[in-house]
Structures are given as structure tokens and as C-alpha cells.
Amino acid sequence: MSIVREVFSNKNIMAIALTTSLWSLVRMAWYPFWAPYLKEELGASVTIIGFLSMIQTAERLIFQLPGGYLADRYGRKKIIVMGTALRTISPVVYFFAPSWQWILPAVIFNGMASLYMPAFSAIIADSLPEERRGAGYGTYRMITSIPRSFSPIIGGVVMDTYGYRKGLRIFLVFQFIVSVIMTLVRWRVLRETVEVKEKPKGKPIMGRLRDFPRSIKVMILVAIIGSFSGRIVMDFTSLYAVEVVKITNTQLGLLTTTIGAITSIFALPGGMLSDKYGRKPAIMLSRVVSPI
């Protein structure tokens, strides 16, 4: 428990953990039912659902690279607050969308919000004790995963009770409120962890890719392959479960909750193992187990 106290004694980690937990708590109550909602209520075909997912994934790739540069140039906090503020837009658009075409601009804004993810990861790493960074990050992941583990089953009950349209809108109202709170808390509480440079130095952004260590290039390649293969399946899992397997939304929520609970349980031990045996064995083990 000492590592938990050590990690959360840092105000940055505490603020990020609390806001992330609150945001995930609400999001995971409705997101597992997003694909059925798009199809049943907004008239999107399976192809359109895949198209919307493709747009969002592509935007994440496009915006995260300049996001890392901007985090070094202007500081972590400023980019995090700006990206978090962008996340307040999509719940409003989702709430009022009469058809799937209206979802497209919200997806674009959501993708733009990915601009802050490199700064988000960096400020967490900067705020963790260096010698126990693996265990510290595992602790952070465990704590932030626990609240969202219980949300899907609650969301499933709500969807079965009120239907997709009303049920989703209930959670979207909370999502907007939480997004505003999250922006304000991060603006007021976060402390900068890097010295802001007066001028950008070195090579242009794209030119720096060639100078990345081999391990980083390999991880980028693995991430691309993993993201591609995962997206082929994951975006349609809920549709398959509800329409083909014929389970209820409550049962789908229970399955998602079970997966989340397993993730929470193994987060801290995984971080401790990476500190003891190295990052590479832990990464390799996770990549071998994840396809199962």
C-alpha cells in the first residue's frame, strides 16, 4: 500500500486519476452500447459504423504526433486543458443528433482532442517516482480502472429499461457535466512538469522520426498492427453479441464489467513485474496473452 500512498501524494496524479475515473465511470456506462445505438436509432449501417470508427482512429494517429511536439513546446498542462475542453463538445452533438451524419463532426472533435494524449502520458510519467515508475503506473491504472468496471452493467440495465435513445441520452448529459468538471479541475490543480522552451529546437517533427530508437520504432509498428487488427473486431463486438448471440444489454454489460475487473486486478502486479524484470518481458507477455 506504500506505493499507492506515494503515487497519490502527488497532486498531478491525484487530479488526473480522479477526473479520469469520473469520466470513465460515465463513459463506460454508454459506450458498450454505442454501435447498437447508431444502428437502431440513428440509421447507420455496419459499414457506416466502421467508417466512423476509421475516421476517429485516423485522427488519433494524425493529432498525437504534433500533440507530443506541442507538449514539449508549450508545456503539458496547457495542452491537456485544451484537449480536455474539446471533449465537452461531442456529448452535446451526440445528444441532439437526429441521424448518423450528425455524428461525424462530433467524431472529428473527439479525434482532435487526442492532441493532448502525449502530454497526458508525459505528465503522468513526470509525476511518478522514477525508480518505481512501473508499479506507479500500474497503481494509477488499477485505481482509474475500478470505477469504470462497474459502469457497463449499470448501463446495460438502463438500456434494457429505457431503450437505447433515452438511455444513452441520460448518460450523455452526465458525460457533458463531467467533461466540464474535468476541464476546470485540471486547469486549477495541475502543475507544469517541464520547462517551456522559448523557441522550438532541432529538426522538424517528421524529421525526428528517423532519429527514434529502434525500440520505439518497433513499438510504433506493433501498436499500428494491434490497433488495426483490434478495430476490425472490437467495434462490432456489441452488435454481434446483441444481434447474433442474442444476449440482453444487461448481459453485455456484465461481460464488459467482468473484463474491466480483470484489467483492474492485473494492473498493479503487471507494473510491479515490469519494475522487477524489465519492461520488455512484461510487454511481450501482454502481447502474447491479449489475442486470447
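The values are calculated or read from the model by the stated rules, or taken from the named source; none is laboratory data. Since this is a predicted model, take the numbers as computed values, not measurements. Because the Cβ atoms are built from the backbone with ideal geometry, glycine has one as well, and the counts that use them run over all protein chains shown.
In region 259-268 there is at least one residue that is modelled with pLDDT under 65 and not charged (D, E, K, R). Remark: pairs (first residue in region 43-57, in contact (Cβ under 8 Å) with a residue 60 or more places away in the chain and over 16 Å from Tyr31 (Cα atoms); second residue surrounded by 15 or more Cβ atoms within 10 Å (Cβ to Cβ) and among the small types (Gly, Ala, Ser); Cβ separation under 8 Å; 6+ apart in sequence or on different chains) are absent. Considering region 106-119, and only residues there that are touching a helix residue (DSSP H, G or I) at 6+ places or on another chain (Cβ under 6 Å) and either modelled with pLDDT under 80 or surrounded by fewer than 19 Cβ atoms within 10 Å (Cβ to Cβ) (or both), the residue that is nearest to Ser53 (Cα to Cα) turns out to be Phe109. Among the residues of region 236-261, those identified as exposed (fewer than 14 other Cβ atoms within 10 Å of the Cβ) and outside any helix (DSSP H, G or I) are Val245, Lys246.
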